[in-house]
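Asks: Input: one structure, supplied below.
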Amino acid sequence: MTSKSTTTASPDGGGAPHRPIAVWADYFTDGLSPVPLMLILRGVSPDDAVSAAREAWRAGVRLVEVTLEREEGLPALEAVVRAAEGRFDVGAGTLTTPERLRRAVDAGARFGVAPGLDADTVAEADRMGVPFLPGAATPTEVGQAVRLGLTAVKAFPAHLLGPGWIPALRGPFPELRVVATGGVDATSAPEYLRAGALGVGVGRSLAAGGGLSDLAGALSR
């Protein structure tokens, strides 16, 4: 994926572009612009992860996330990065510590996602120039994110917060951009987009049997 956001060269002169915190919201906006879906691969084998990722890419999905809450997530991430061949940015999820973020970047991740907001991990992502999407569920967490320089967050768990959470929080935080994740399915996805979400995160189950392609087509109209 080639973002239209301003970037600088990687500090070591190679690898992924170094993206400062100021452009992270634009990075996710650009990535979700063609098809407002992020595929989330959790607890899958490398082969299954690659198969699902390829289905997503064929459907026009540009952001694929492999979660790292378990050790087996790392081989799956590495496999998807290899399959992307540099044509797509592959991200890592459940990055709850700076150490986990560093391991993900070493494995080839070009963006990070977390279920919550950890200031140390945000600071490490900023230092590394890796776009980062932390989770938020309350006005306090959103306010903390904004004070850290973040204007894009993951509404999590979205199925408990509901679509109405998005306009409610964008009232006091008009700069806020939201990706809805957690329990989102083909039925509820359009509701979050109508409420103002940049996009939605969906699981691997939708990639089977052409479901992801159908949903991507429906949401892109």
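Asks: Could you please find all residues in the stretch 169-207 being part of a helix (DSSP H, G or I) and within 18 Å of Leu63 (Cβ to Cβ)?
Replies: Across the stretch 169-207, the qualifying residues are Ala189, Tyr192, Leu193, Arg204, Ser205, Leu206, Ala207.
Asks: Going by what's in this entry, would Val44 be described as open to solvent by 10 Å² or more (accessible area, probe 1.4 Å) and β-branched (Val, Ile, Thr)? Explain how you work it out, then say what you get.
Replies: Numbers: open to solvent by 10 Å² or more (accessible area, probe 1.4 Å): yes; β-branched (Val, Ile, Thr): yes.
Yes, satisfied.
Asks: List the number of the failed condition for Ile166; all other conditions in (1) touching a residue at least 24 places away in the same chain (Cβ under 8 Å); (2) open to solvent by 10 Å² or more (accessible area, probe 1.4 Å); (3) out of contact with any Leu (no Cβ under 6 Å at 6 or more places or on another chain); (4) in a helix (DSSP H, G or I) hold.
Replies: (2)
Asks: Pull out all pairs, ordered by first then second residue, where Cβ-Cβ is under 7 Å, the residues are six or more apart or on different chains, the first lies in the stretch 128-139 and is over 14 Å from Pro167 (Cα atoms), and the second is among the hydroxyl-bearing types (Ser, Thr, Tyr) and open to solvent by less than 10 Å² (accessible area, probe 1.4 Å).
Replies: The qualifying pairs are Pro131/Tyr27.
Asks: So, in the stretch 135-163, how many residues would count as being among the β-branched types (Val, Ile, Thr), within 18 Å of the chain's Cα centre (by Cα) and either modelled with pLDDT under 95 or open to solvent by 30 Å² or more (accessible area, probe 1.4 Å) (or both)?
Replies: Of the stretch 135-163, the ones among the β-branched types (Val, Ile, Thr) are 138, 140, 142, 146, 151, 153.
Checking which are within 18 Å of the chain's Cα centre (by Cα) leaves us with 142, 146, 151, 153.
From the residues that got through so far, the ones that are either modelled with pLDDT under 95 or open to solvent by 30 Å² or more (accessible area, probe 1.4 Å) (or both) too are 146, 151.
The qualifying residues number 2.
Asks: If you don't mind, there's one more thing I want to ask. I'd like the full set of residues that are surrounded by fewer than 19 Cβ atoms within 10 Å (Cβ to Cβ) and either touching a residue at least 60 places away in the same chain (Cβ under 8 Å) or among the hydrophobic types (A, V, I, L, M, F, W, C) (or both), limited to the stretch 176-192.
Replies: Result: Ala186, single match.
Asks: Among the candidates Glu124, Glu99, Glu78, which residue alone is open to solvent by 10 Å² or more (accessible area, probe 1.4 Å) and either within 18 Å of Ala52 (Cβ to Cβ) or in contact with a Phe, Trp or Tyr (Cβ under 8 Å, 6 or more places away or on another chain) (or both)? Reasoning before the result, please.
Replies: Details: Glu124 fails: either within 18 Å of Ala52 (Cβ to Cβ) or in contact with a Phe, Trp or Tyr (Cβ under 8 Å, 6 or more places away or on another chain) (or both); Glu99 fails: either within 18 Å of Ala52 (Cβ to Cβ) or in contact with a Phe, Trp or Tyr (Cβ under 8 Å, 6 or more places away or on another chain) (or both).
Criteria check complete, one pass: Glu78.
Asks: Within the stretch 125-134, identify whether any single residue is farther than 22 Å from Gly31 by Cβ, modelled with pLDDT of 95 or more and either assigned to a helix (DSSP H, G or I) or more than 16 Å from the chain's Cα centre (by Cα) (or both), and answer yes or no.
Replies: No, that holds for no residue.
Asks: Only one of (1) small (Gly, Ala, Ser); (2) without any contact (Cβ under 8 Å) to a residue 24 or more places away in the chain; (3) surrounded by 19 or more Cβ atoms within 10 Å (Cβ to Cβ) fails for Ala109. Which number is that?
Replies: (2)
The values are calculated or read from the model by the stated rules, or taken from the named source; none is laboratory data. Please read all numbers here as calculations on a predicted model, not as lab measurements. Cβ: placed from backbone, ideal geometry, glycine included. Neighbour counts: every protein chain shown. Ligands, DNA and RNA are stripped out before the accessible areas are found, and what is left, the full protein with its side chains, is counted by its heavy atoms. Shrake-Rupley method; radii C 1.70, N 1.55, O 1.52, S 1.80 Å.
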